[in-house]
Every structure is written in C-alpha cells, then in structure tokens.
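Okay, structure first, notes after.
Computed from the coordinates by the stated procedures, all read-outs in this text should not be read as laboratory data. Computed from a prediction, not measured in an experiment: that's the story for all the values here. When we count neighbours, we look across all protein chains shown, and the Cβ atoms used for this are built from the backbone with ideal geometry, even at glycine.
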Amino acid sequence: MQYRSRRIPSDSDITLIISGLKLTVRLLDVSETGLKVALAQAFPSGTAVTVQAARFDLSGIVRWSTEKETGILLSGPLKSDQQAELAGMSWAA
C-alpha cells in the first residue's frame, strides 16, 4: 500500500511558471509533497514548474495532467506553515 500525504483543500490563487508561461491558477489542494491546481491546459509529466508564493518559491515537476487539473510533485517536503500559507489558511503567518 502506497503512503499518501494528507491533503488540505484550498480555493486560493497561486502563480506558476511552467514552459515559459507565468500563470495565475486556482490551487485545489496542497500536501506535504505536492499540489493540485486547476489548469485549463495539459502539460507532459516531468515538465519543470516553479510555484511562487508570497514569501517563498518552490520547484517541482508535473506528476500528472489533464485538460482541467494538474498534479505537481515538489522537489522537497513542505513545512506545515508553508502548506497553510499556500492553502490560504488565516493562521499562516
């Protein structure tokens, strides 16, 4: 059985840089190891991604993609405060 990180639902906007495009997208959920975003374009698995947040940038790759949603695997684990900030939780400082 494969371990799956706890997902925190979100409805906030984040900025992605992917394939030379800078896009504002809706974050659907965040976990310790990745993100799911609403993205109206499919990108190949393995495509490099930069996620820009207010106080930090993250790097990762496209893990899976459809014409509506994309899963991003981050290059390293997120701390709980980073997860909360990305998810738009009010207690993130």
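Observations on the model:
- Enumeration of residues in region 49-93 that are in contact with a Gly (Cβ under 8 Å, 6 or more places away or on another chain) and farther than 17 Å from Asp13 by Cβ: Gly60, Ile61, Val62, Arg63, Trp64, Ser65, Gly71, Leu73, Leu74, Ser75
- Looking across Leu58, Leu78, Leu86, Leu73, one residue alone is within 12 Å of the chain's Cα centre (by Cα) and assigned to a helix (DSSP H, G or I). It is Leu86.
- Only residues that are polar (S, T, N, Q) and under 14 Å from Ala53 (Cβ atoms) were counted across region 22-41, and they come to 1.
- Residue in region 24-44 that is in contact with a Pro (Cβ under 7 Å, 6 or more places away or on another chain) and in a loop (DSSP other than H, G, I, E, B) present: yes
- The number of residues in region 45-55 that are small (Gly, Ala, Ser) and not in a loop (DSSP other than H, G, I, E, B) comes to 1.
- Residue check: Ala48 meets all listed conditions (1) exposed (fewer than 13 other Cβ atoms within 10 Å of the Cβ); (2) in contact (Cβ under 8 Å) with a residue 24 or more places away in the chain; (3) hydrophobic (A, V, I, L, M, F, W, C) but one, namely (1).
- Total residues in region 1-45, condition surrounded by 15 or more Cβ atoms within 10 Å (Cβ to Cβ) and among the basic types (Lys, Arg): 2
- Only a single item in (1) under 18 Å from Asp11 (Cα atoms); (2) touching a Phe, Trp or Tyr at 6+ places or on another chain (Cβ under 7 Å) is not met by Ser45, and it is number (1).
- Of everything in region 61-70 that is assigned to a strand (DSSP E or B) and not aliphatic (A, V, I, L, M), the residue that is nearest to the chain's Cα centre (by Cα) is Thr70.
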